[in-house]
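Since the structure comes first, as structure tokens, the remarks are kept for the end.
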Amino acid sequence: MFKHIKAVIIDLDGTMLNTAPDFHEAINRMRADLGLTALPQQTIIDFVGKGTENLIRKVLAVDYDASGIAAHYDVALAAYMAHYQTINGDLANLYPDVIEGLQSMRNKGLRLACVTNKPLSLAVPLLEKKGLQPYFDIVYGGDSFPQKKPSPVPLLQVCLAFSLQPRQVIAIGDSSNDAIAARAAGCYVLNVPYGYNHGESIHNVDSDGIVQTLLEAANMIV
């Protein structure tokens, strides 16, 4: 159980929403534009978690060396962003008990922030489309600051905005990025086991526990 908690910072992709189908569709539309073959969804899932720029470089690295990645990166990124804007949220779905968990946290008087490595221009419309936006006081994207997770900067900015000490805040996410950022910021951290952790087991991540749902996380805050 966690006491004296005043706020919760929650990741988006792989934590609240299964957006892998969106990533898969947008990436393969981009690859088709470049004359490349489609990739399986699991391959793309293993690339997710460190921001859009890293995702594009990983996807291009399937076919190109470093010089080829550099040569195609700008076109690939622009194509991917255009395709993702078109389908953003259409194929994504909520994980179990997300709404129930967010509502329970709100009922306890907790302030909520969404911190994601997804660009803000994609994150906010996605939250709105899935009915999640009203629960959050703050939304920070991967381009909100010069550094994104696993840097602690976005989490520390939430603490500052809420006028809270890091030990009054819990971060919840699906990957080592979330845990590393939270540890560096001085926040507690819980992980969910069902998201995208770069193809690695979440059980190997240093956290304060693994919760099956956001509702379970909410029930641990007293």
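The values are calculated or read from the model by the stated rules, or taken from the named source; none is laboratory data. Source: prediction; values computed, not measured. Every residue, glycine as well, gets a Cβ built from its backbone with ideal geometry; the counts of neighbours run over all protein chains shown. Quick note on the areas: whole protein, heavy atoms, side chains included, nothing else; ligands and nucleic acids left out. Shrake-Rupley method; radii C 1.70, N 1.55, O 1.52, S 1.80 Å.
The calculated FRET efficiency for the pair S201 and S67, based on their C-beta separation and a Förster distance of 25 Å, comes to about 0.15. Total lysine pairs in the chain at Cα distances under 21 Å, for residues eight or more apart or on different chains: 13. For the chain, adding -39500 (n - 2.57) for each run of n ≥ 4 DSSP H residues and dividing by the number of residues yields -13500 deg cm²/dmol at 222 nm. Note on region 1-87: with neighbouring protein chains present and a 1.4 Å probe, carbon and sulfur make up 54 percent of its accessible heavy-atom surface. Taking Cα centre as origin and charging only the Cβ of basic (Lys, Arg, +1) and acidic (Asp, Glu, -1) residues, the dipole magnitude of the chain rounds to 680 debye. Since only S144, V169, L190 are under comparison, the one whose Cα sits farthest along the positive direction of the charge dipole of region 46-192, derived from C-beta charges on Lys, Arg, Asp and Glu, is V169. Approximating the spin labels as points 7 Å out from Cα along Cα→Cβ, the S121-to-Y194 distance works out to 3.2 nm.
Show me the ranking of peptides 73-84, 44-55 by mean Cβ neighbours inside 10 Å, starting with the highest.
Values: 73-84: 16.9, 44-55: 20.2.
Packing order, densest peptide first, comes out as 44-55, 73-84.
Hey, can you find the accessible area per residue of region 64-131 for me, probe 1.4 Å, expressed in square angstrom? Don't skip to the end; give the middle numbers.
Values: 3040 Å² over 68 residues.
About 45 Å² of surface per residue is accessible.
Connecting C-alpha atoms closer than 10 Å in a GNM of the chain, tell me which of P152, P166, P40 has the biggest fluctuation. Per the Cα network of the chain with a 10 Å cutoff, P40 tops the list.
Remark: spin-label model distance E53-D90 equals 2.9 nm, labels positioned 7 Å along the Cα→Cβ axis.
Take every DSSP beta bridge whose two residues both sit in the chain, then give the antiparallel share in percent to the nearest 5.
Values: 2 of 20 bridges.
Within the chain, antiparallel bridges account for around 10 percent of the total.
Entry comment: accessible area of region 1-46 is 39 Å² per residue, from protein heavy atoms only and a probe of 1.4 Å.
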